[in-house]
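So the structure is just underneath, and the comments pick up after that.
The values are calculated or read from the model by the stated rules, or taken from the named source; none is laboratory data. Since we're looking at a predicted model, the values are computed, not measured. In case anyone asks, the SASA skips ligands and DNA or RNA and just uses the protein heavy atoms, side chains included. Shrake-Rupley method; radii C 1.70, N 1.55, O 1.52, S 1.80 Å.
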Amino acid sequence: AKEDIRRKKAAAKDAEEVEARKVKDLWREKVATQDAVREDIRRQVAAAKDAAEVETRKAKEDIRRKKAAAKDAEEVEARKVKDLWREKVATQDAVREDIRRQVAAAKDAAEVETRKAKEDIRR
């Protein structure tokens, strides 16, 4: 009877240890699963962050390119305006020079006519 009780106690203790090992194994499995899930989430967050940074860089580069193109277009327009202004000024200068020449020629012609008339009067 004593031996039977001792055997039952030993069997119960063994069963308890087996259960305790099962619980420990399940706990380790649960922890490992949680760690794997955390690592997977961390990787996904890092990948999303990287993708966002790439998109931000692309958007900034696109904005920089558009600003540069707008600036270039502005400079082209400014040059066109300057060229048109120079052309206008040059045309005005040419017209003034032409008028000055015509006035000088008319003056010279008037002086010649005046001289002729004076000579005719003297004769």
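Quick notes on this one:
- Proximal aspartates and glutamates to residue 22, defined as alpha-carbon separation beneath 16 angstrom and excluding residues fewer than eight positions away on the same chain: 14
- Between helix 2-122 and the chain: long-axis angle, C-alpha atoms, 0 to 90°, nearest 10: 0
- Candidates 76, 18, 54: whichever shows maximal mean-square fluctuation once the chain is modelled as a Gaussian network with Cα springs under 10 Å: 18
- Percent carbon-and-sulfur accessible area, the chain, ignoring ligands, DNA and RNA, probe 1.4 Å: 58
- The solvent-accessible area of residue 116, taken with every protein chain present and a 1.4 Å probe, is close to 110 Å².
- Entry comment: accessible area of region 61-123 is 95 Å² per residue, from protein heavy atoms only and a probe of 1.4 Å.
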